[in-house]
1. Which condition does B:V170 not pass, out of (1) within 16 Å of the chain's Cα centre (by Cα); (2) within 13 Å of chain C (Cβ to nearest Cβ); (3) more than 18 Å from B:R20 (Cβ to Cβ), if it passes all the others?
2. Determine, yes or no, whether B:Y253 is within 20 Å of B:G57 (Cα to Cα), assigned to a helix (DSSP H, G or I) and at the interface with another protein chain (Cβ under 7 Å from one of its Cβ atoms).
3. Failed condition for B:E100, given (1) in contact (Cβ under 8 Å) with a residue 60 or more places away in the chain; (2) buried (at least 23 other Cβ atoms within 10 Å of the Cβ); (3) within 8 Å of chain A (Cβ to nearest Cβ), with all others met?
4. Which residues, taken from region C:175-224, are of a type in the set (D, E, K, R) and either without any contact (Cβ under 8 Å) to a residue 60 or more places away in the chain or farther than 30 Å from A:A52 by Cα (or both)?
5. I'd like to check something: does region B:145-154 contain any residue that is closer than 24 Å to C:L77 by Cβ and surrounded by 24 or more Cβ atoms within 10 Å (Cβ to Cβ)?
6. Can you say whether B:L142 is surrounded by 23 or more Cβ atoms within 10 Å (Cβ to Cβ), at pLDDT 90 or above and part of a helix (DSSP H, G or I), as far as the supplied structure shows?
7. Could you please let me know if B:G124 is crowded, with 24+ Cβ neighbours inside 10 Å and in a helix (DSSP H, G or I)?
8. Within region C:226-236, can one find any residue that is surrounded by fewer than 19 Cβ atoms within 10 Å (Cβ to Cβ), part of a loop (DSSP other than H, G, I, E, B) and in contact (Cβ under 8 Å) with a residue 60 or more places away in the chain?
Amino acid sequence: MSFDINTIIYLLEIIVGGLLVGVGVHFVPVGGAPAAMAQATGIGTGTVQLAAGSGLTGLLSAGLMMSVTDNIWPILATGAVGAMIMMDATMLTGSWIYAYAVGAPFASAKVNYDPITKFSQPPYVAPGTVGQGIPTVCYVSGTIGAAMGGIGGALIYYPLVQINGNPAMSAVFAVGIFMVDAVLASWNIQGTIEGFHDPKFKKWPKAFKSCLVATIILAVVAVLITPIGGV
Amino acid sequence: MTVGGGAAGAPQALDPKKIRIYGLVGSVIGIYLAWILNSVTGTNIFSFVGALAALFGVVLGANAVRRVCAYGIGTGVPSIGMLALGMGVVASLFGLNLAEQLGVGVLGVIIALVYSVVFGYVIGLIANRVMGFNIPIMEEGLFDLSGAGTMAILGWSFAISGSLAYADIVKDVFNTGFLAIIFICGGLAILHPFNANLGPDEKQDRTLVNGVMVGGMATIATGICALMTLGFAAGMLEIVVGFAVWYYFYVWYFRLAKRDASAVVGTGLLPPSAL
Amino acid sequence: MDAFGMGLVAAMGALATVAGASEDIESDIGSQSNPNSQVQLAAQVGNPHRIYNKAIAGEPPSNALWCTTAAIMAYVLIEGYHMPLLFAVAVGASLAALFNGVMATSAYLGRNASQARFNQWIYLDIIRYTTPSIMAHVWITSFCITLISTIQVYVLTPHHPFPIPVIALIWGLTVGAIGSSVGDIHYGGEREFQWRLFGQGLNTMLSGQIVRKAEAGLRNSIDNAWFCAKFGGPCTGMGFGLTVFLDNWRTTVFDPVTHAGAAIAMGLFFVIVMNLYNFYCELSARRKYGPYPGYKGDIAA
């Protein structure tokens, strides 16, 4: 157990990573179970699982990059790109189903005009539903959220490998810390959110505080775990 | 999704306090018993006792999930199980590592347990105070859950490594990646029971029996891992014990499902009232 | 960039496509994940049914379990007992299928027993003939994903530093997340409610009114596979295949040691192209379908 300036930097990196995960979850447009019946805007699954799916895909890419380089920037960037590719492929194929199987135009019920494309939304919301599909603003928001999740996962993983030099252990640790932050954030948004244009998005400071406390408690012990007897 | 017992909390025959004491004490004693048996006999054949100890933690966790999720937490049941195991991974390795660094070796289990329950309680406080959940049992529910997750991970890790030494656990459980199966199978043992029995007529005994049944499957899985880390005899014994636990509790579960269902029929059309 | 590596990445993409498709069809036969909320609701609003009700912890954790189980078995056989790779992976997938059978039946029994007051019966013949079909699809999914993980660790350069079970866990979570985000919409939005107006999502008033009768007799869950295999399954496969292929393609074509920047830029390029494609989808759907006729507000379409 050695405590020096590097330890504090590692600690900060893990905390920032956890916070990025926690805030990034708020960007992902998740409609929960209603979206699976095209009853609500967004992706038809749970927040935690989608954030985990994309963030951990980013972690896989970051782990691969980390095995060949020690430079932090390519590791973070590749983590973000891996997560964005997963999230975008998911949303794109989901859009095919909304457009070509359900046969519905994409619309958000939370805003009157899409902030990015300026398309009008209410005329395209089917009666009895709260929107459907993934409009451009949700798609862009999801891409941002995935990037934050990917950077967050890589930023948790990077210092852990620096400390204990064990990719296998650090990967499982990163998964654990990632899950805690993602679950806390998804509790904060109560299951569904459309992206950064959703009024619910304003609740993010609560998740920020919660993830800060939780990640500090986890990070302090995570940096204390040092190799013993060569492993 | 809100379901089941509603805001009044789930009806229960077994007192949660009693389950908590049996769960935590039982799993701690079980892990130490396994460790003592292994060290006294100088073999690793008794590692399966560690897996059985984890079952106590699973019952505690399944009961906690049942109590918390009966209030409806907005994100479905699976998230809370992932949270429990996420906390457990960090807590268990921290406990083992700190104990080794302080030179108190075997006390790692206790350190991990204390750290995890404190952490769980804090998360519960956060959920209620910061996010405004207002679930009265959130603190103790997460206290139980994180403790259960940690004990499940420690118990099954012991079943794979046959030792409580930090170096052995890292070599056998983390470097091989076998922690992944403990993580996910232990997580499902804690969250699957309530998820699989969700509904207004959910019964506590059926849910907990389901939890032990999935725990038996996890024991089979750790036995397969032990085939590589502990050798053929210890691994095979663990698989057999896991299979026995699984079989006994699956049959029991089937009996309880038959008891609670409105009808169990071999085949047939819909009930006459619904056609 | 070498031809062998490209071949491997192509094979991984193909395996991932198969895995994604079979994962989605598995969840549709078992009626898992989000659309299952309607199956669950059906009995509560007075519509008992003969559809499988397999609620195993949401798709991502459950698929992570199957893939991890297959991966540990394969890993033990390869590293501990020096078995051939394909044989080891096949044995692992078989174990995963058995685990799936246990979890699926216990979920069916449990969920239906917990709905006793709504007169939802447990039909043993459904367990008997639907479960093997679910298990078969799980076999395919876990076989493909374990093979992807072993390729990443043993064959593809640079070798992945994570152990096989951890990679399988992560890919399992990912394929489950994609399956429940993509393919389930086809099952929940179309197959469960075929008698409502086409061209819109499910009206909230109709919640729980799922289709319970088939062309002849009562609908069972294997019929759902027949329907969802036409579009939902392939789309899911496409989603997961794209994820695995594009993510590995860029680090295979551009060496991550010397051309890390190019690999990242390539990834960003894919992301931008997919954003534009989604915009095209939105634009064409709006143009072709038009606004809903019943809209009374004052915002122009």
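The values are calculated or read from the model by the stated rules, or taken from the named source; none is laboratory data. Just so it is clear, the model here is predicted, and its values are computed rather than measured. Please note: Cβ atoms are built from the backbone with ideal geometry, for glycine as well, and neighbour counts cover all protein chains shown.
1. Failed condition: (1).
2. Criteria met by B:Y253.
3. (2)
4. C:E190, C:R196, C:R212, C:K213, C:E215, C:R219, C:D223
5. Among the residues of region B:145-154, not one is closer than 24 Å to C:L77 by Cβ and surrounded by 24 or more Cβ atoms within 10 Å (Cβ to Cβ), which makes the answer no.
6. For B:L142, the condition - surrounded by 23 or more Cβ atoms within 10 Å (Cβ to Cβ), at pLDDT 90 or above and part of a helix (DSSP H, G or I) - is not met.
7. No: the conditions fail for B:G124.
8. yes
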